[in-house]
């Protein structure tokens, strides 16, 4: 200050370096169709009630009841739209705040099929949002193998922005499904984008029941006397007053048809739960799934060998398995880049995403600051303080901070004189990320008796 008037002046001098605030790590974006709500406008919600208020409920399924003598059978032609059920699974498995990108709704003329261009448009819209860190396509199964090109687009977006991760599903059943997945998801132009996603298999039979409307469920009565009718067209709502016993049997038959879902939405909930209870550095595996009766396929140890390790392309697929007395568990922790020692594990990739994004946002305040030693010291101290806290929380390996990370910035260290002339401040950060104990080997041997 250039003081000119006599008096007392107060000046405050900052003694502490600026700090890095950790960004959120599990904010999924679900891209698909909903009953209503804004279209192609990413909307943040935090509960199932909020979803229902803005986006409505599940599509009403086309059930048909057949009554013969005293037997009641329910048949259904299912629609391909699963967003509502996916959200139920997400919140049931520990999910919290998330984004919904609705690409089609009833009020604007609900489509009869899932359109790839709709999902791509929703994905493009999501690119402008900064907060989402996970990408999920609940309606992707309806496209069959066509969803894999959209997964490729999502992986490319994640690689470009470096702040998000794609949760993918193997659509279909049987060994050909895995083969088609590996053939369908390409490595991308850079050959690097596989590390930004993980795949899960098989589908899940859930405890959820499909949505339906009594007034639209047609009842075919083979023996009319049991429905109190005479062969006229009857709907489930008509049975409620004419034959309550058959009505209850019909409802029970409908509700016995359980929702079968691809696992990505439940896995997104697991990511959120593990991040909040342990940390993003903890592998989202060996965790039980809620609202699940069983996987649609039983996977043995032998089956999982070829899923977990793909010797040719390295496209690892994480299995979901049922264990006696433990229930249904996520039994895999690899990214799709399973042959890479650097980016093999989901937790390592997502930890780096978090650190990179957190440090990036904190360092923005130094843009256009003098590129001198004073600034370098402040930047280095800021990042080191953040990483020291990550190490103390258990995110980094090493018995001492210097074994866990390093931060380097300075002339003749990370910058040349030419860099400074051109306005560049180069900061090098190294992390020793903790890795999951994927294979625990117990070695036993005989101990000879001692006299």
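Nothing in this text is a laboratory measurement; each read-out follows from the coordinates by a stated rule. Computed from a prediction, not measured in an experiment: that's the story for all the values here. Ideal geometry is used to build each Cβ from the backbone, glycine not excepted, and the neighbour counts take in all protein chains shown.
Across the stretch 368-451, C-alpha contacts under 8 Å between residues 6 or more apart give a mean separation that, scaled by the residue count, equals a relative contact order of 27 percent. Seen against the Cα atoms of the chain and their longest principal axis, helix 175-184 is set at about 40 degrees. Once the chain from residue 240 to residue 10 is taken as fully extended at 0.36 nm per residue, the excess over their C-alpha distance is 74.7 nm. Report note on the peptides 95-102, 277-284, 195-202, 393-400: ranked by the mean count of other C-beta atoms within 10 Å, highest first, their order is 195-202, 95-102, 277-284, 393-400. When 261, 143 are sorted by how many other C-beta atoms sit within 10 angstrom of their C-beta, beginning with the fewest, the order is 143, 261.
Label reach from residue 216 (point 7 Å along Cα→C-beta): in the stretch 34-69, amide nitrogens under 13 Å belong to 35-36, 57-64. Compute the helix-to-body angle for 346-363: its Cα long axis versus the longest principal axis of the chain, expressed 0 to 90° and rounded to tens. Rounded to the nearest ten degrees, it is 50.
Here Cα extents along the principal axes in Å was calculated from the structure, and among (i) 107, 47, 38; (ii) 102, 55, 43; (iii) 102, 89, 44 it sits at label (iii). Using a cutoff of 8 angstrom between alpha carbon atoms and counting only pairs six or more residues apart, the relative contact order for the chain works out to 17 percent. Based on C-alpha pairs under 8 angstrom that are at least 6 apart in sequence, the stretch 5-104 has a relative contact order of 43 percent. Entry note, the chain: the mean residue ellipticity at 222 nm calculated from DSSP H runs of n ≥ 4, each adding -39500 (n - 2.57), is -9500 deg cm²/dmol after division by the residues and rounding to the nearest 500.
Per-residue Cβ neighbour counts within 10 Å put 337, 176, 303, 163 in the sequence 176, 303, 163, 337, beginning with the fewest. Residue order for 208, 336, fewest other beta carbons within 10 angstrom first, comes to 208, 336. Computed from Cα atoms, the angle from the helix 116-126 axis to the main principal axis of the chain rounds to 40 degrees.
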